[in-house]
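Peer 1: My structure is below; once you've seen it, I'll send some questions.
The values are calculated or read from the model by the stated rules, or taken from the named source; none is laboratory data. From a predicted model like this one, the values you see are computed outputs, not experimental measurements. Neighbour counts run over all protein chains shown; Cβ positions are idealised from the backbone, glycine included.
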Amino acid sequence: MDGLMVQAVGGGVIALLLSTIAFFLKLLIQDVRQMGKELGKLKEVTIRLQSEQALIKTLLQNPSSGTKSKKIRTCA
């Protein structure tokens, strides 16, 4: 009877540990999925910023094209 009790307690502990691992694994998978979505948004924003940067660069290199622009002077 004593050996049966030890096995029952051991089985309960193992079941508790496995359920805890499953819970944290579920949270990890959810975080990875969320991180994938955020990475996609970040890529979109990066591409948009790069295109805006290229547009601004071309506008600054060609001040005669488009609207009238003033040269920016820095104070030394």
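Peer 1: Could you please let me know if Asp31 is among the acidic types (Asp, Glu) and exposed (fewer than 10 other Cβ atoms within 10 Å of the Cβ)?
Peer 2: No; evaluated as a whole, the condition is false for this residue.
Yes/no per residue for (1) part of a helix (DSSP H, G or I); (2) of a type in the set (S, T, N, Q); (3) at pLDDT 95 or above:
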| site | (1), (2), (3) |
| --- | --- |
| Met5 | yes, no, no |
| Phe23 | yes, no, yes |
| Lys26 | yes, no, yes |
| Glu38 | yes, no, yes |
| Val45 | yes, no, yes |
| Glu52 | yes, no, yes |
| Ser64 | no, yes, no |
| Thr74 | no, yes, no |
